[in-house]
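See structure below.
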Amino acid sequence: MGLTLTEKILKAHLVDGEFKKGEEIGIKIDQTLTQDATGTMAYLEFEAIGIPRVKTERSVAYIDHNTLQSGFENADDHRFIGSIAKKHGIYFSRPGNGICHQVHLERFGIPGKTLIGSDSHTPTGGGIGMVAIGAGGLDVAVAMGGGAYYITYPKIVKINLEGKLSPWVAAKDVILEVLSRMSVKGGVGKVIEYCGEGVKTLSVPERATITNMGAELGATTSIFPSDEITKEFLKAQKREDVWVPLCADEDAVYDEEININLSKITPMAACPHMPDNVKTLSEIGKMKIDQVCIGSCTNSSLQDMMKVAHILKGKTVNPDVSLSIAPGSKQVLNMLAQNGALSVMIDAGARILESACGPCIGMGQSPNSKGISLRTFNRNFEGRSGTKDAGVYLVSPEVAAASAISGYLTDPRDLGDMPEFKMPEEFIINDNMIVLPADEKDMESVEILRGPNIKPFPKTEPLNDKIECKCSLKVEDNITTDHIMPAGAKILPLRSNIPAISNHCFTVCDEEFPKRAKEMGSSIIVGGANYGQGSSREHAALAPLYLGVKAVVTKSFARIHRANLVNAGILPLSFKNEADYNNIDLNDELTIENLKECINEGKNIIITNRTKGIEIECECELSERARKIILAGGLLSYTKEQM
């Protein structure tokens, strides 16, 4: 029996565990990446582990999220990350060099390698045939120290692509089609592997758009084969030497198969407030818009930008629309400047933003109240844009640009013939915004620069045998990490300061939660299905930890957030009977006993609701390693014990 591409790469990197479906396996990590919103904490954790220099083949620290410097906090964090990168063997991508996933695809990604990043959209690297996985910062810190990264051996879904996209239909429409079929929780515990003749019709940037938004499926990662198109992309980046051909065996066996005929896909949009709330443009109909934002790690490649420039050429942005464009990297911005496309965008009335995440994580460009915003981004969660009552629609760059001109949601197929957009045979290569680390002999002389906003990792303690506390919060299904720990220009600068950022924890859902949790001292949170979907931000676990949360009880968890809870030493429990969700309410007094025995022996855990006088059975599915982490009080304590 042959192997899938995913299995080939995982098997080649297996260092712990048995290669069987559903079993936990540890894999060797070749590369890591961080960004500044999660990186400061990851590097504080790396310092706490106590290993002097990274042991990966390549680790890169990017500055792309917190680039709005309205106070000292972000600038201090950038300086800290730059100094720690220099000292510990990490490449440092300076502010302005671009979005981590776009730059990593251009300059560092290698087919067949493993990559984990403290950002949920790290699977972008699957566009060139990497097993690239989003993870919590502590997992990244351990990997930088040479430790394995642990996942459950995933189910592998084959998406067979047939045919070819019609003119003006985009890769964004492909992943929206997948989301409409699988939903935001349909990929949990799975890897999405793209195969078929249709793969050959997609460029690397188009493939990367599709793997990027695999994160919205809840998937562990997504991957395309490494073929001649991959080789051409790497050759244009002057990195042809790292190319290797990679594909699944012809007789590979998959857990699920989905067939998609590219020629039948039409332009679509994800409607408010979920990426899987997908409709075709014809279903939505004519809709007046207020704002268009083009960019993000999903759609900011040179190819995307050239299509936008073609649509805007000789036109003027509708006077009722604000159009902003953020090229994904310095390389893309520079090439747009040199080939005249940037001038076209400026002439049309676009507002050109720096090469960074910007509006995608609520860092500026918030829409007007009740505004309709079309965005080429990957998430449209309520309030993420910075305007709670805005209606955010996720669309392709083609739809976005056409709509910016008309002032209404517009099908780009109405524009007439589409020219051929070929990738350049050679990109402009200038890596002068990437700072190399110090040589090993010079490491000791590098000073770590810490600002007053940088606080240490929250203290953890071994698991107690008994938890006795109240329910401090109850939330519904599909709670995202944006609900738990909001982003945006006001809160993101506090990412290196857990005591300060914890004051914003869950305030989207309940403004009184931080105060109530502090007063309780210790507490339990109750959630619905797919709890913690969204980003990899471990702050969504660390802030509750700081506020005294001992356990989270849900119908089900999103993968990364569940792992982050375990890493923080917070007990993740699932109702054995989902109907028991209705048997715990805010302020109910709860008791859990014999915890150590239950965890050690893998038994179900009983929560006694003293307020209602009932017992609730919960599951706590943990691998042997995860049990030890929980008992130790989190991954940092466990790692120190192992060392």
Checked pairs for the range 624-643, first among the polar types (S, T, N, Q), second at pLDDT 90 or above, C-beta under 6 Å and 6 or more apart or across chains, list as Thr639/Ile49; Thr639/Val142
For the range 459-488, pairs from a residue that is in a helix (DSSP H, G or I) to a residue that is among the hydroxyl-bearing types (Ser, Thr, Tyr) and buried (at least 24 other Cβ atoms within 10 Å of the Cβ), with Cβ under 6 Å and 6 or more apart or across chains, are Thr481/Ser535
Scanning the range 382-413 for residues that are hydrophobic (A, V, I, L, M, F, W, C) and surrounded by fewer than 23 Cβ atoms within 10 Å (Cβ to Cβ), the one nearest to Gly285 (Cα to Cα) turns out to be Leu409
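Table: residues versus (1) out of contact with any Cys (no Cβ under 8 Å at 6 or more places or on another chain); (2) of a type in the set (Val, Ile, Thr); (3) surrounded by fewer than 16 Cβ atoms within 10 Å (Cβ to Cβ); (4) on the phi > 0 side of the Ramachandran plot.
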| residue | (1), (2), (3), (4) |
| --- | --- |
| Thr4 | yes, yes, no, no |
| Phe19 | yes, no, yes, no |
| Gln31 | yes, no, no, no |
| Thr40 | yes, yes, no, no |
| Tyr43 | yes, no, no, no |
| Gly50 | yes, no, yes, yes |
| Ser70 | yes, no, yes, no |
Tell me whether the range 354-364 contains one or more residues that are without any contact (Cβ under 8 Å) to a residue 60 or more places away in the chain and crowded, with 23+ Cβ neighbours inside 10 Å. no
The strands (runs of 3 or more DSSP E) lying wholly within the range 39-132 that contain at least 1 residues that are within 22 Å of the chain's Cα centre (by Cα) and closer than 20 Å to Ala489 by Cα are 58-62
Note on Val244: of the conditions (1) part of a helix (DSSP H, G or I); (2) within 14 Å of Pro111 (Cβ to Cβ), unmet is (1)
Condition check: among the small types (Gly, Ala, Ser), at positive phi and in contact with a strand residue (DSSP E or B) (Cβ under 7 Å, 6 or more places away or on another chain). Does Gly349 satisfy that? yes
Out of (1) among the charged types (D, E, K, R); (2) out of contact with any helix residue (DSSP H, G or I) (no Cβ under 9 Å at 6 or more places or on another chain); (3) buried (at least 24 other Cβ atoms within 10 Å of the Cβ), the one Asp139 does not meet is (2)
**Message:** Among the residues in the range 437-458, are any under 28 Å from Met335 (Cβ atoms) and not in a loop (DSSP other than H, G, I, E, B)?
**Reply:** no
Of the candidates Asp304, Asp290, the one satisfying the condition of being touching a helix residue (DSSP H, G or I) at 6+ places or on another chain (Cβ under 7 Å) and either of a type in the set (A, V, I, L, M) or on the phi < 0 side of the Ramachandran plot (or both) is Asp304
Subset of the range 611-633, residues in contact with a Phe, Trp or Tyr (Cβ under 9 Å, 6 or more places away or on another chain) and either farther than 22 Å from Ala517 by Cβ or in a loop (DSSP other than H, G, I, E, B) (or both), comes to Glu617, Glu619, Ser623, Arg625, Ala626, Lys628, Ile629, Leu631, Ala632
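Tell me yes or no: at least one residue of the range 298-316 is within 28 Å of Ser535 (Cα to Cα), at pLDDT below 95 and of a type in the set (Val, Ile, Thr).
Within the range 298-316, not a single residue is within 28 Å of Ser535 (Cα to Cα), at pLDDT below 95 and of a type in the set (Val, Ile, Thr).
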query: Does the range 595-612 include one or more residues that are in contact (Cβ under 8 Å) with a residue 24 or more places away in the chain, surrounded by fewer than 18 Cβ atoms within 10 Å (Cβ to Cβ) and under 15 Å from Cys471 (Cβ atoms)?
result: yes
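Which of the residues that make up the range 489-512 are at pLDDT 90 or above and either in contact with a Cys (Cβ under 7 Å, 6 or more places away or on another chain) or outside any helix (DSSP H, G or I) (or both)?
Asn497, Cys505, Phe506, Thr507, Val508, Cys509, Asp510, Glu511, Glu512
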Scanning the range 559-584 residue by residue, those within 23 Å of the chain's Cα centre (by Cα) and more than 21 Å from Ile498 (Cβ to Cβ) turn out to be Arg559
Conditions (1) at pLDDT below 95; (2) closer than 24 Å to Ser329 by Cα; (3) out of contact with any Phe, Trp or Tyr (no Cβ under 8 Å at 6 or more places or on another chain) -> Glu382 fails only (2)
Of Thr201, Thr220, Thr211, Thr280, the only residue that is of a type in the set (Val, Ile, Thr) and touching a Lys or Arg at 6+ places or on another chain (Cβ under 6 Å) is Thr201
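The values are calculated or read from the model by the stated rules, or taken from the named source; none is laboratory data. Quick caveat, the model's predicted, so the values are computed rather than measured. Neighbour counts are summed over all protein chains in view; Cβ atoms, including those assigned to glycine, are modelled from backbone coordinates with ideal geometry.
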